[in-house]
Amino acid sequence: MSNLLCAVACHSETNCDLYHFSKATNICTIFSQQPKFDPSTSSTSDSDWSIGYILQHWRSSGEWTLVFQAQERIGVSVWHTWSNTSLRHDHPISRDFPRACMSQADYSQCNQHFRSSILDSWNDIKEVYLSFVKANVEVAYIVFDGTGSDELSWFSQSRILRSTWSPALDTDNNIRYFTLQGACDSSSCRRFHIHEDVTLCRYDYFYTIVVDGPRDICNQGFSNWVIQDLSTYPVFMYAPGPGPASYGVSRGSLGLDTARQADVLSVWVKFH
């Protein structure tokens, strides 16, 4: 064993953030604790021991740090990427990972979802920002109170601080589904699901929904549903107005906006 081999072992281990190598005992120890290391420091040592860090390369914008970004219609499940604890694109960011997949503009060359290691150490989170982008412009968002939350519980109506749909969404007593994980079965696969009561597909109304698979019960035989093509997924749907939107192609007698589709879904966090 050597300091170099210990560093290689840490880099190869998904959950390793720090390693300790004792020159005196020739023992390598690796740790998983996700502290906020100073990125300018990679290792220190003296005659008896060495310690090194896996540097975190985080994508930040002001106070916000990107923890997840999903690209439409690339044939990869949003939920499977979100929940895959063995996947960390910033641990560190590899040279071959497309930088377009961390951008809210010029993302047309992206063919992957981005997942940060922060999702596996959801600590010290103050706020969470969910954003939908279309043609390089943010078209909808929700900011949640992240204090005391985990990687799923932040997505809650009771935690809303502000949004595109405030105050309608904040106080909407007709919400039936408000869930990040959503559900995936033989008929539909829906995530980031904020939905009011379910009646008929063309009359259902909602705020956000991610169609996360190649099927949806409303896409099967309903020619007036807003999504006609599910040959590729995911599809990010959002309400473009101040309130919920309809799945129907036309507003009809409901007087609701028609759902629209975004290019990118991203999740940002702000630390305390």
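Sparse packing (at most 14 other Cβ atoms within 10 Å of the Cβ) combined with a DSSP loop state is found for the following trypsin sites (Lys or Arg not before Pro) in the range 125-195: Arg176. Computed 3J(HN,Hα) for the range 159-174, one whole-Hz value per residue from the Karplus formula 6.51 cos²θ - 1.76 cosθ + 1.60 where θ = phi - 60°, is 9, 5, 9, 6, 6, 4, 9, 5, x, 4, 5, 4, 10, 5, 7, 9, glycine and proline marked x. What is the distance in Å between the Cα centres of the range 97-150 and the range 166-181? About 21 Å separates the Cα centre of the range 97-150 from the one of the range 166-181. For Ser188, the amide hydrogen comes within under 5 Å of the amide hydrogens of Ile217, counting only partners 5 or more places away or on other chains and with H modelled in the peptide plane. Normalising the average separation of contacting C-alpha pairs (under 8 angstrom, six or more residues apart) by the number of residues puts the relative contact order of the range 108-157 at 32 percent. Shown in residue order for the range 225-240 are the 3J(HN,Hα) couplings computed by the Karplus curve 6.51 cos²θ - 1.76 cosθ + 1.60 at θ = phi - 60°: 6, 5, 9, 9, 10, 10, 5, 10, 8, x, 10, 9, 10, 8, 7, x Hz (x for Gly and Pro). Proximity of backbone amide H atoms, modeled 1.01 Å from N, is registered between Val67 and Val267, Trp268, Val269 at under 5 Å, excluding neighbours fewer than 5 places apart on the same chain.
So if R0 is 41 Å, what FRET efficiency would Ile74 and Ile27 give, r being the distance between their Cβ atoms, rounded to the nearest 0.05?
The value I calculate is 0.40.
Computed 3J(HN,Hα) for the range 256-267, one whole-Hz value per residue from the Karplus formula 6.51 cos²θ - 1.76 cosθ + 1.60 where θ = phi - 60°, is 9, 5, 8, 4, 10, 10, 9, 8, 9, 10, 9, 10, glycine and proline marked x.
Taking amide H as placed 1.01 Å from N in the peptide plane, the amide H of Tyr205 sits under 5 Å from that of Glu196, each at least 5 places away or on another chain. Bridgeable aspartates and glutamates around Lys126 (alpha carbons under 20 Å apart, same-chain partners fewer than 8 residues away excluded): Glu63, Asp145, Asp150, Glu151, Asp170.
Here, each number is a calculation from the coordinates, and none is a lab measurement. The structure displayed is predicted, hence computed values, not measured ones. Neighbour counts are summed over all protein chains in view; Cβ atoms, including those assigned to glycine, are modelled from backbone coordinates with ideal geometry.
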